[in-house]
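One structure follows; several queries about it will come next.
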Amino acid sequence: MTTLTTALRLVLVDDEEPARLALRAALADVPGASIVAECANGFDAVKAVSELKPDAVLLDVQMPKIDGFDVLELIGADVPVVFVTAYDEFAIRAFEVHAVDYLLKPVSRDRLTRALDRVRERGRPASPTPGALRASARRPGEPLERVVIRDGAQVHVLPVEKIDYIEAQDDYVGFRTGGRLLLKEQTMADVEASLDPRRFVRIHRSYVLNVERLARVELYAKDSRIAILADGTKLPVSRSGYQRLQLLL
C-alpha cells in the first residue's frame, strides 16, 4: 500500500510516559505526522481536542478515572480515533464505537503508518448518535457505573450511586446530585436503558429516581402520587411509574 503524505495533526493520549515516548519515536519517521499535544489522562485529552481540533487522536484504552471509551464519548466521533493499547480484549468494542484502527503495543512504525493512512482515507467519519456511541462503548448487559459529563473543557465523573434523580431538560437530561444539577445531551430513554433497573426506576416521563433516595410515596390527588426523597424533594409519580416503583419496594 502506498503511504499517503497529507499532513496530520495528532494528539497522543496515554497515562504511561514510556508509551508516549515510544509513540513519539515511531511517529518521528512517519511522513506528514505532527504531534500537537501529549496527554497523560483523559481529562487533558478532552481539553486538548476541544481547543486544538486535531486531525486524529491516538488513544490508550485503560487509564485511571476516565478511560479511552469515556474520552471518545466526550469528544464525539467527528475526530478520528486510533486506539493504542496493550490489550486485545477491547478490539470489538473499539470498532463498534467507530475507531479507525486498533493497535497493540508495542506499535511498529509500519503498523502505525498504515493506521494513519486509514485516517487520511476515511477523513472525518459520519458521527453516530450520542446514544448509539454510549451503548456501543458499554459491555452488553453491563449497567452503567459512572456518568461522564462534559461542561466546556471541564469533565465531571459522577458515580451512579451519587445520583439522586434524573430529570428531562428539553434536549438534555439533568443529573441531580447533592443539590447540584449536571446537564448532558442525552435522552431519558437512553439513560433509563443504561442504568441498573434494580436501583433506578422511571417514575414519570420526566423523572428517573434512585430508589435509595426515596423516603415515602404519598397520595396527592385521585390516581396521583408524589415521591418524597430523604432531603425533602418532591417528584411527581405517574400511574405506570407507581406500578414500576412498587415492583422494587
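The values are calculated or read from the model by the stated rules, or taken from the named source; none is laboratory data. Quick caveat, the model's predicted, so the values are computed rather than measured. Heads up, the Cβs are rebuilt from the backbone with ideal geometry, glycines too, and the neighbour counts pull from every protein chain shown.
This table checks each residue for (1) among the polar types (S, T, N, Q); (2) part of a strand (DSSP E or B); (3) within 29 Å of Asp44 (Cα to Cα).
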residue: Glu142; (1), (2), (3): no, no, yes
residue: Val147; (1), (2), (3): no, yes, yes
residue: Lys184; (1), (2), (3): no, yes, yes
residue: Ala189; (1), (2), (3): no, no, no
residue: Arg198; (1), (2), (3): no, no, no
residue: Val201; (1), (2), (3): no, yes, no
residue: Ala215; (1), (2), (3): no, yes, no
residue: Leu235; (1), (2), (3): no, yes, no
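Next up: List every residue pair whose Cβ atoms sit under 7 Å apart, with the two residues 6 or more apart in sequence or on different chains, where the first one lies in the stretch 16-39 and is in a loop (DSSP other than H, G, I, E, B) and the second, anywhere, is of a type in the set (S, T, N, Q) and modelled with pLDDT of 95 or more.
Listed pairs, sorted by first residue: none to list.
Return yes when Val208 is assigned by TED's automatic domain parsing to the domain that holds Leu158, buried (at least 17 other Cβ atoms within 10 Å of the Cβ) and out of contact with any Ser or Thr (no Cβ under 8 Å at 6 or more places or on another chain) and no when it is not.
Values: assigned by TED's automatic domain parsing to the domain that holds Leu158: yes; buried (at least 17 other Cβ atoms within 10 Å of the Cβ): yes; out of contact with any Ser or Thr (no Cβ under 8 Å at 6 or more places or on another chain): yes.
Considered against the rule, which asks whether it is assigned by TED's automatic domain parsing to the domain that holds Leu158, buried (at least 17 other Cβ atoms within 10 Å of the Cβ) and out of contact with any Ser or Thr (no Cβ under 8 Å at 6 or more places or on another chain), Val208 comes out as yes.
Going through the stretch 40-58 one residue at a time, which ones are within 22 Å of Lys105 (Cα to Cα), hydrophobic (A, V, I, L, M, F, W, C) and touching a residue at least 40 places away in the same chain (Cβ under 8 Å)?
Passing the criteria: Ala56, Val57, Leu58.
Then there's this: State which residue pairs qualify: first residue free of Cβ contacts under 8 Å to residues at least 12 places away in the same chain and inside the stretch 62-78, second residue among the small types (Gly, Ala, Ser) in any location, beta carbons under 7 Å apart, and separation of 6 or more residues or different chains.
Qualifying pairs under 7 Å: none.
Right, here's the next one. Name the residue, out of Thr177, Thr233, that is outside the structural domain of Val71 (by TED's automatic domain parsing) and closer than 30 Å to Val71 by Cα.
Being outside the structural domain of Val71 (by TED's automatic domain parsing) and closer than 30 Å to Val71 by Cα holds for just one of Thr177, Thr233, which is Thr177.
Mind checking which residues of the stretch 77-134 are among the acidic types (Asp, Glu) and either outside the structural domain of Ala25 (by TED's automatic domain parsing) or modelled with pLDDT under 85 (or both)?
Once the filter is applied, which keeps residues that are among the acidic types (Asp, Glu) and either outside the structural domain of Ala25 (by TED's automatic domain parsing) or modelled with pLDDT under 85 (or both), the stretch 77-134 yields Asp78, Asp88, Glu89, Glu96.
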